[in-house]
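Presented below is the structure to which this report refers.
The values are calculated or read from the model by the stated rules, or taken from the named source; none is laboratory data. None of these values were measured; they are calculated from a predicted model. Note: ideal-geometry Cβ built from the backbone for every residue, glycine included; neighbour counts use all protein chains shown. We work out accessible area using only protein heavy atoms, side chains counted, and drop any ligands, DNA or RNA first. Shrake-Rupley method; radii C 1.70, N 1.55, O 1.52, S 1.80 Å.
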Amino acid sequence: VDNLSDGLIISDLTGRLLDGNSAGLEMHGYTQVEEVRRDLPEFVSIFELATLDGAALPVTEWPLARILRGEIVRDFDLRIRRLGTDWERIFSYGGAVVGKNTGRPLAFLTVTDITSRKKAEQALRARDVAEAASRLKSEFLANMSHELRTPLNGIIGFSEFLQDEKPGPLNPKQKEYLGDILNSGRHLLDLINDVLDMSKI
């Protein structure tokens, strides 16, 4: 038991700590069972247990309290923080009362440190979100490039065609208006190109 990488904490049904393996003690910053026994009445002011989204748990919902009520606890992932310090870990708790038929039932609480795994999962989720955002941005730029530039190029091209009087002669007023359309179209195309270039950056 002492060589397990997971923590194991054993108490009687009153919540009195009977034993704990090295991993279970070290996970909580202790080296001896006596240290834990000494601090046990003050655990609420030493540690805070919270859900993974940060909602603090009342002591009545702590894993050992639930086990002592007769519940079987499985894969109960919690954020544990030592108050007044920056020490914080994510533990997965499990356990139950064992030995009900032997005359001396005991509460067994297992503790697995899953901090690294949760951080890796969070990093993967962040990467997936970033990749999705990048993909959406690329799709947006491709669509906007096509949807905006294509009609503008048509407007500019036909304006140039008319201004060159290829379909027929124009009066001065028509030439002036076509010049305005052509200049505005080119100006707008330059603006769109700049915006799309900035979006890519």
*Once both axes come from the Cα atoms, what is the angle between helix 115-163 and the longest principal axis of the chain, in degrees from 0 to 90, rounded to 10?*
10
*When all protein chains stay in place, what accessible area (Å², nearest 10, 1.4 Å probe) is found for Y177?*
120
*Obtain the nm distance between the two label points defined at K166 and I201 by a simple spin-label model: each point lies 7 Å from its Cα along the Cα-to-C-beta direction.*
3.6
*Accessible area, 1.4 Å probe, largest first: how do T60, T102 sort?*
T102, T60
_Per residue value of the accessible surface for the chain (all protein chains in place, 1.4 Å probe), Å²_ = 64
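Which order do you get for W62, W87 if you rank them by accessible area with a 1.4 Å probe, largest at the top?
The most accessible residue leads, giving W87, W62.
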_Suppose the chain between N101 and I155 were pulled fully straight at 0.36 nm per residue; how much longer would it get relative to their current alpha carbon spacing?_
10.6 nm
*Dipole of the range 59-201 (Lys/Arg Cβ +1, Asp/Glu Cβ -1, origin at the Cα centre): which of G94, Q163, P151 lies farthest to the positive side?*
G94
*If packing is taken as the mean number of other Cβ atoms within 10 Å per residue, what is the order of 153-161, 134-142, highest first?*
153-161, 134-142
_Quick check: at a probe of 1.4 Å, how many percent of the accessible area of the range 76-201 sits on carbon and sulfur atoms?_
58
*From the square roots a ≥ b ≥ c of the eigenvalues of the alpha-carbon gyration tensor of the range 91-201, which class results: rounded (a/c under 1.5), prolate (a/b over b/c), or oblate?*
prolate
_Leaving ligands and nucleic acids out of the surface, order M144, M27, M198 by accessible area at 1.4 Å, largest first._
M198, M144, M27
_Compute the angle between helix 172-200 and the longest alpha-carbon principal axis of the chain, please, reported from 0 to 90 degrees and rounded to the nearest 10._
20
*Given the protein chains as shown and a 1.4 Å probe, how many square angstrom of V1 are accessible, to the nearest 10?*
120
*Show that you can apply the helix-only estimate: for the chain, add -39,500 (n - 2.57) for every DSSP H stretch of four or more residues, divide by all residues, and state [θ] at 222 nm to the nearest 500.*
-17000 deg cm²/dmol
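Just how large is the dipole of the chain about the Cα centre, in debye to the nearest 20, putting +1 at every Lys and Arg Cβ and -1 at every Asp and Glu Cβ? Before the final figure, lay out the partial values.
Working: 25 positive and 31 negative charges, 82 e Å.
Roughly 400 debye for the chain.
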